[in-house]
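Structure record follows, encoded as structure tokens.
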Amino acid sequence: MNQKINKINKKLRKKLDKERYEHTLGVMYTASALAMCHNADIEQALLAGLLHDCAKCIPNDKKIKLCRRNRLEISDVELKNPSLLHAKLGALMAKKKYHVEDYEVLCAIESHTTGKPAMTLLEKIIYIADYIEPGRDELPNMAEVRKLAFRDIDECLRRMLKDSLAYLKSRNLPIDKMTEKTYYYYKKC
């Protein structure tokens, strides 16, 4: 790892709880493996994977306040489930607190929870790595999704989105509109 990533890693270790930090390392290493497999920039994948949850451990009420203070839009679903705000707030923190200037990295952090239509390869990698990293609890179809991630990244993305929406609907949980838009976009592709 380069010096910048090592420096951020040391800072982040102090900010995240043990479980979140271990998850973060899992995402970072999974993202780098996916980047190698799909000919993406490994350093970008490492950096985005490392910082994807940098705002996750901020209390929900503070997430809302920080988003409002920084004029970040908050949807109705995000207001009901402020945990979702960690992605857009994380992109802001990556830029301001960790001095990340790479637009692609910031976008990958911002879209890693809901996805978005027409994602870049890096955005897909971070979205998928967050879902399949080795420490993640086994979800339905996880073994198949993990194999797909290294064979066909777009098919993997479709499968994950379909499974995520089915899970949320089965639990009668609110669904972010961006997740639905992302699913229908990739379903058509």
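Checked against the criteria, G49 does not count as in contact with a Phe, Trp or Tyr (Cβ under 8 Å, 6 or more places away or on another chain), crowded, with 18+ Cβ neighbours inside 10 Å and at positive phi. Out of all the residues in region 109-149, which are over 16 Å from A48 (Cα atoms), crowded, with 16+ Cβ neighbours inside 10 Å and free of Cβ contacts under 8 Å to residues at least 60 places away in the same chain? Hits for region 109-149 are V145, R146, L148.
In summary, V77 fulfils each of the numbered conditions (1) over 11 Å from the mean Cα position of the chain (by Cα); (2) aliphatic (A, V, I, L, M); (3) within 21 Å of I42 (Cα to Cα) with the single exception of condition (3). Among the residues of region 85-110, the ones that are under 13 Å from the mean Cα position of the chain (by Cα) and of a type in the set (K, R) come to 1 in all.
Of the set (1) modelled with pLDDT under 95; (2) not in a helix (DSSP H, G or I), all apply to L79 but (2). Quick check on region 154-172. Is at least one of its residues in contact (Cβ under 8 Å) with a residue 24 or more places away in the chain and touching a Pro at 6+ places or on another chain (Cβ under 8 Å)? Within region 154-172, one or more residues are in contact (Cβ under 8 Å) with a residue 24 or more places away in the chain and touching a Pro at 6+ places or on another chain (Cβ under 8 Å).
Selection of helices (runs of 4 or more DSSP H) fully inside region 111-189 by the criterion of at least 2 residues being charged (D, E, K, R), under 15 Å from the mean Cα position of the chain (by Cα) and under 28 Å from I74 (Cβ atoms) returns 121-132. Can you spot a residue in region 59-71 that is assigned to a helix (DSSP H, G or I), touching a residue at least 24 places away in the same chain (Cβ under 8 Å), within 17 Å of Y127 (Cβ to Cβ) and touching a His at 6+ places or on another chain (Cβ under 9 Å)? Among the residues of region 59-71, not one is assigned to a helix (DSSP H, G or I), touching a residue at least 24 places away in the same chain (Cβ under 8 Å), within 17 Å of Y127 (Cβ to Cβ) and touching a His at 6+ places or on another chain (Cβ under 9 Å), which makes the answer no. Among the residues of region 6-24, is there at least one that is surrounded by 21 or more Cβ atoms within 10 Å (Cβ to Cβ), within 28 Å of L148 (Cα to Cα) and either modelled with pLDDT of 95 or more or touching a helix residue (DSSP H, G or I) at 6+ places or on another chain (Cβ under 7 Å) (or both)? So far as region 6-24 goes, yes, one or more of its residues are surrounded by 21 or more Cβ atoms within 10 Å (Cβ to Cβ), within 28 Å of L148 (Cα to Cα) and either modelled with pLDDT of 95 or more or touching a helix residue (DSSP H, G or I) at 6+ places or on another chain (Cβ under 7 Å) (or both). Contact annotation: no residue pair with Cβ atoms under 9 Å, 6 or more positions apart or on different chains, pairs a residue in region 11-32 that is within 13 Å of A45 (Cβ to Cβ) with a partner that is polar (S, T, N, Q) and surrounded by fewer than 17 Cβ atoms within 10 Å (Cβ to Cβ).
Considering only region 151-189, state which residues are among the polar types (S, T, N, Q) and within 18 Å of Y131 (Cα to Cα). Listed by number, the residues that qualify are S164, T179, T182.
The values are calculated or read from the model by the stated rules, or taken from the named source; none is laboratory data. For clarity, every value in this text was computed on a predicted model and none was experimentally measured. Here Cβ is always computed from backbone atoms with ideal geometry, including for glycine, and neighbour counts include all displayed protein chains.
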